[in-house]
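Worksheet: the structure to be examined is printed underneath.
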Amino acid sequence: MFTLIFFFLLLNIPLPVTRSIHPRCFWRIKQNEDKDEDLMTDCAFPVKAVLLSVDKDYFNQILNVKTRKKNYHFALALAFTMDEVNRNTDLLPNMSLVFDFPEDGCMSTSQLETLIHFSEQNSANPPNYVCVEEMNCAVLLTGPEWEILQLTYGPFHPILSDNEQFPYLYQMAPKDTSLALAMVSFIVHFSWNWIGLAISDNDQGVQFLSYLRREMEKNTVCFAFVNMITVDIHLYMSRTEVYYNQIMTSTTNVVIIYGNTDSTLALSFRMWESLRIQRLWVTTSQWDFSTSTSYFTLDSFYGTLAFVHNHAVIYGFKRFVQTLNLLKYSDNYLARLEWMEFNCEVSVSNSKTLKNCLSNATLEWLIEQTFEMAFSDNSYDLYNAVYAVAHAIHEMLFQRMSNLEKDNGKGHNSHCLELNSFLRKTHFTNPVGERVNMNQKEKLQAAYDIFYLLNFPHGLGIKVKIGKFSPDFPQGQQLLLSEDMIEWTTGSRQIPPSVCSADCGPGLRKLWQEGMAACCFDCSPCPENEISNETNMDQCVRCPEDKYANTEKNHCIHKAVLFLSYDDPLGMMLALMAFCFSVFTVLALGVFVKHHDTPIVKANNRTLSYILLVSLIFCFLCSFFFIGRPNSATCILQQISFGLVFTTAVSTVLAKTITVVMAFKVTVTEGRMRHFLVSGAPKYIIPFSILIQIILCAIWLGVYPPYVDNDVHSEHGHIIIVCNKGSTTAFYCVLAYHASLALGTFIVAFLARKLPDIFNEAKFLTFSMLLFCSVWVTFLPVYQSTKGKFLVAVEVFSIVASSGGLLGCIFIPKCYIILLRPERNSLPKLREKTFS
């Protein structure tokens, strides 16, 4: 026969992974007032395979030695598993698995070492062994120096998974490498970024810290503090206050606890809970014990969140235990050993919260709702370990059944090597349908159920499944939480925040200061014309060109479209001025045409006066191209009409001025000057000047013509539609050409200002050119400093004012004489005035 000894550590209570969350609730009662009673210690059981048929009475007798033993629920789980194996006719036929349960509850590691040492020296008849043909192999969790098989069901340790360094060691627990990812995913779901951490200062704690730090950095989650609690009890006592102050002075509301429950970390956790420190403790199922504290508040999310390994549900455990001794193993008694599952589906459908429901409930109500005894993580690993060894022994015995004689004389190590070879290749489906593979390299990452734990008064503990985490699902779908279960459990969907800095709301952006953690920041208003419409934005977003930021800087508003329109008071005034002046010019032209035979009309060169009046009419009318919504056609017509009609007007004034000077010269001297005047040579100045302007405009249109442009910067909140000049150089060339004509006209008129009064038009031409030049000289600096629609208004006003100056200075005095002083518009009067 083979004697197998197992050494186990405590672990968690997982549930199956599906994409919907079935309500699952558990309750348990504190065993006594000893706060260390729940802290599980190492426990081992000597196990035998015997050629006997064993029934439940055997297990009842073994377990009936004492009724209150530490880790007693381990023995119950072991008895349940062995009974299930023994009743399986296809596994180890004609053999049974049994175990011993010492009176003190568990066999310690030192006792097991003595047992193994004695078995090596006297392998023929070791204590607690049933031997056949001296075949012995101990299965134990120890250090690597022991050449014995080791099966562990404590927390999975990556270092122990090295098959070369630990060839005889098998870890039954799944890998916990995804635990950090599961916790960080849960933290990110609730938008937490300021987390405290308390771990044991050992290899396992340091490794978990590295996993957790890596996942937190990926998701911009920061540590508020890291309490690495020493495992040395004497050093721990000197640092207790330091650990306590780190928790109390921190602003975080969420603290992760990771480590063994039989360590100094557990002592700290007990103290923190007893001092009623309100935090949300995020941990593993090792810490799912209930406490004896009477402190309890309704409508508070503070409590404990446990990430529990997901595994299939094992039914029949409670029924098996109670068939051993119904009077002894009551629900009340079993609840002091293990979690009891109760039916919470009826309560979930009600609007009442769990806290309100249980505050009025009694223990009898929970017992009535109870239908199963939970199988914890360590019990489930124990379950798989027994089946794994049973399958390995079954396979080994099957192959050795026909040649037992060949194995005589093999020692302890040869038996272990043989069993180890079979155990390493063992893989099977356990009775609840889950695959078990003893190949340590093929271990899968664990999936987790998430439980919320509450401690009610008088040692009553409740835990409710609120979600699950599946690492094999696609990213973004790994975490699944039930908002309904959270609300039913806590009484609210509002989860307390745990952030380093208050959120930067819309209109603000995060601003990091040197030396601050990545999760800690100040809030700064968005710059001009930038917005942030979400919370905690790193950078503000600039509004598009056609929009502007509102006052709160959280929304972009469409800019109003502006242009110099007829509805605008300024546009209306300029349009009215241009219209009135054009009407006055038409009237003046009508007066001159009607009185074309009068001396004053003839004396001032009637033809040139007509040309000048018509050009002035077009000068006033071209102003209307500048008013109204611009388009491509009006933008081109603005500059072309302005350039041509002003060139015509100024060149006509120049021709009139030259004509006046030549007329005076003719009266003084005869000769070629008279022939030049009679031939009408000054009139050719006009078409020649216009031709030059046409060439300039043609070059302008060919190189870089005017176009419609949107001015989005001149006026806040508005888009001003203007005509862009295209080539600024061409525009100033046109102005310069006008200036050269005007300057030439002014110089000639100024020199002729003292001619006899009969030729007084020279003075009027001088004043008109003075006014014309003054307007356009003033226009240049004003044009450079003005933006938006006022830029157009300045240009229109300059056109109207300069044209009006020509009309007023040249033609208004003549119209005054023609219409109001007709007696002066006669040849005798003109001669009389000349002679006087």
Name every residue in the range 759-812 that is part of a helix (DSSP H, G or I), open to solvent by less than 10 Å² (accessible area, probe 1.4 Å) and in contact with an Asp or Glu (Cβ under 8 Å, 6 or more places away or on another chain), in order of residue number.
Phe779, Ile810
Mind telling me which of the residues Phe186, Phe166, Phe156 ends up being open to solvent by less than 30 Å² (accessible area, probe 1.4 Å) and at pLDDT 85 or above?
Phe186
Going by the conditions given, is Val561 more than 22 Å from Phe223 (Cα to Cα), at pLDDT 90 or above and of a type in the set (A, V, I, L, M)?
no
Residue match in the range 441-459 (condition: at pLDDT 85 or above and of a type in the set (Lys, Arg)):
no
Which one is surrounded by the fewest Cβ atoms within 10 Å (Cβ to Cβ), of the residues in the range 31-83 that are of a type in the set (Asp, Glu) and at pLDDT 70 or above?
Asp57
Does the range 246-255 contain any residue that is open to solvent by 20 Å² or more (accessible area, probe 1.4 Å) and touching a residue at least 60 places away in the same chain (Cβ under 8 Å)?
yes
How many residues does the range 785-807 contain that are without any contact (Cβ under 8 Å) to a residue 40 or more places away in the chain and either in contact with a strand residue (DSSP E or B) (Cβ under 6 Å, 6 or more places away or on another chain) or over 21 Å from Phe625 (Cα atoms) (or both)?
1
Condition first: in contact with a helix residue (DSSP H, G or I) (Cβ under 9 Å, 6 or more places away or on another chain) and surrounded by 15 or more Cβ atoms within 10 Å (Cβ to Cβ). Can you find one or more residues in the range 545-554 that meet it?
no
Test set (1) touching a Ser or Thr at 6+ places or on another chain (Cβ under 6 Å); (2) of a type in the set (Phe, Trp, Tyr); (3) free of Cβ contacts under 8 Å to residues at least 60 places away in the same chain - Trp272 fails condition number
(1)
So which residues in the range 156-176 are touching a Pro at 6+ places or on another chain (Cβ under 7 Å) and among the polar types (S, T, N, Q), if there are any at all?
Gln165
Subset of the range 705-726 [surrounded by 17 or more Cβ atoms within 10 Å (Cβ to Cβ) and of a type in the set (Gly, Ala, Ser)]:
Gly726
Among (1) open to solvent by less than 70 Å² (accessible area, probe 1.4 Å); (2) modelled with pLDDT of 90 or more - the single one Lys218 does not satisfy
(1)
Please identify the pairs in which a residue from the range 157-185 that is farther than 24 Å from Asn430 by Cα has its Cβ atom under 6 Å from the Cβ atom of a residue that is buried (at least 18 other Cβ atoms within 10 Å of the Cβ) and of a type in the set (Ser, Thr, Tyr), counting only partners at least 6 apart or on another chain.
Ala180/Tyr211; Ala182/Tyr448
Return a yes/no flag: does the range 530-540 have any residue that is open to solvent by 80 Å² or more (accessible area, probe 1.4 Å), in contact with a Lys or Arg (Cβ under 7 Å, 6 or more places away or on another chain) and assigned to a loop (DSSP other than H, G, I, E, B).
yes
Taking Glu487 as meeting all but one of (1) surrounded by 14 or more Cβ atoms within 10 Å (Cβ to Cβ); (2) touching a residue at least 12 places away in the same chain (Cβ under 8 Å); (3) not in a helix (DSSP H, G or I), write down the number of the exception.
(3)
Report yes if some residue within the range 456-479 is in contact (Cβ under 8 Å) with a residue 24 or more places away in the chain, open to solvent by 20 Å² or more (accessible area, probe 1.4 Å) and within 14 Å of Ala306 (Cα to Cα); otherwise report no.
no
When you go through Phe731, Phe746, Phe642, Phe688 one by one, which is the residue that is surrounded by 21 or more Cβ atoms within 10 Å (Cβ to Cβ) and modelled with pLDDT of 85 or more?
Phe642
Determine which member of the set Gly205, Gly196, Gly259 is on the phi > 0 side of the Ramachandran plot and crowded, with 19+ Cβ neighbours inside 10 Å.
Gly259
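The values are calculated or read from the model by the stated rules, or taken from the named source; none is laboratory data. This one's a predicted model, so the numbers in the text were calculated from it and none came from an experiment. Glycine gets a Cβ as well: all are built from the backbone with ideal geometry, and neighbour counts include every protein chain shown. The accessibility values were calculated without ligands, DNA or RNA, using every heavy atom of the protein model including side chains. Shrake-Rupley method; radii C 1.70, N 1.55, O 1.52, S 1.80 Å.
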